[in-house]
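The structure appears below as structure tokens.
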Amino acid sequence: MINKTALVTGSSSGIGQAITEALLNNGHHVIGLARDHGKFKPRYGNYHPITVDLSDIENTETMVHGLLNEYPDISIFIGNAGYGDFKHLENFSSLQIKNFLITNLVSQIILCRHLITYLKRKGAGDIIFMGSESALAGKKNATLYATAKFGLRGFVQALRDEIRTSGVRVCLINPGLVRTPFFETLNFEPGQYENNAIEPEDVAKIVVEILNTRAGTNIDEINLSPSSQLINFK
């Protein structure tokens with residue numbers, strides 16, 4: 001694979017960190033967007049961390065304009081940032097709903113909106129979004145999360161059709177439970193056994209395979225699930 005420059009949101013933890021490490025190990029440059037880079041400081045000269053709160057839309061737009069000027073060779077965008085909050089709808093405030101959907105959905109669309117014109121002009125590029133099994137079926141206590149992921153799935157499908165002849169590929173990955181810090185602030189987590197959760201490195205390997213796929217071949221959507229679903233409540 002030719003070494004490229006990737007923009008990865010949520011690069012400092014969980015799936016985003018695993019993807020970032022895989023890309024760096026393959027010789028790519030990675031521009032990592034995250035609110036906190038304190039726990040992830042890879043010893044690579046080709047990693048460029050940028051601190052940003054994606055829930056701040058105005059600042060995010062200013063930041064992405066600067067990025068495209070500073071890193072004109074970006075050809076990969078991996079939208080991974082987000083967090084979970086699972087409870088009955090009436091237990092969310094209006095502000096919580098707004099911030100959740102901005103971070104998990106709206107910010108990804110806005111970033112993509114700026115990048116897509118840039119990539120179309122090049123006539124090539126890859127956009128990969130991290131969806132969820134919650135994009136396939138809504139369940140109780142996941143009203144906001146399912147809304148964000150269903151919305152992301154619809155966005156990806158429409159965008160893919162919109163730019164199909166541009167040379168830019170768009171893919172959505174829908175993992176089930178992945179063993180990451182995503183669950184640190186939640187009252188549940190995957191079961192303790194190996195087959196109760198996907199490992200973030202498994203997702204990262206799939207991302208690399210997608211990028212390695214011959215130009216002209218599109219991988220539209222990939223669904224992943226652990227072989228044995230088991231949830232532990234804290």
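Numbers at a glance
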read-out: Members of the range 72-85 found to be over 21 Å from L172 (Cβ atoms) and either in contact with a Gly (Cβ under 9 Å, 6 or more places away or on another chain) or surrounded by 15 or more Cβ atoms within 10 Å (Cβ to Cβ) (or both), listed by number; value: D85
read-out: Pair list, Cβ under 9 Å, 6 or more apart: the range 75-92 residue under 15 Å from K149 (Cα atoms), other residue part of a loop (DSSP other than H, G, I, E, B) and among the β-branched types (V, I, T); value: Y83/T185; G84/T185; D85/T185
read-out: Residue count for the range 181-190, restricted to those that are more than 14 Å from the chain's Cα centre (by Cα) and either crowded, with 16+ Cβ neighbours inside 10 Å or at pLDDT 95 or above (or both); value: 3
read-out: Checklist (1) surrounded by fewer than 19 Cβ atoms within 10 Å (Cβ to Cβ); (2) within 25 Å of S107 (Cβ to Cβ); (3) modelled with pLDDT under 95; (4) aromatic (F, W, Y) applied to Y193, failing item; value: (2)
read-out: Matching helices (runs of 4 or more DSSP H) fully within the range 1-108 where at least 2 residues are modelled with pLDDT of 95 or more, over 21 Å from I210 (Cβ atoms) and more than 19 Å from the chain's Cα centre (by Cα); value: 94-101
read-out: Checking S166 against (1) buried (at least 19 other Cβ atoms within 10 Å of the Cβ); (2) small (G, A, S); (3) at negative phi; (4) in contact with a helix residue (DSSP H, G or I) (Cβ under 8 Å, 6 or more places away or on another chain), the condition it does not meet; value: (1)
read-out: G138 vs. criteria assigned to a loop (DSSP other than H, G, I, E, B), in contact (Cβ under 8 Å) with a residue 12 or more places away in the chain and closer than 22 Å to I31 by Cα; value: no
read-out: Flag for I198 being touching a strand residue (DSSP E or B) at 6+ places or on another chain (Cβ under 7 Å), among the β-branched types (V, I, T) and closer than 28 Å to L68 by Cβ; value: no
read-out: From R121, R153, R113, residue being free of Cβ contacts under 8 Å to residues at least 12 places away in the same chain, closer than 25 Å to A204 by Cα and part of a helix (DSSP H, G or I); value: R113
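The values are calculated or read from the model by the stated rules, or taken from the named source; none is laboratory data. Just so it is clear, the model here is predicted, and its values are computed rather than measured. With ideal geometry, Cβ positions are generated from the backbone for all residues, glycine too; neighbour counts draw on all protein chains shown.
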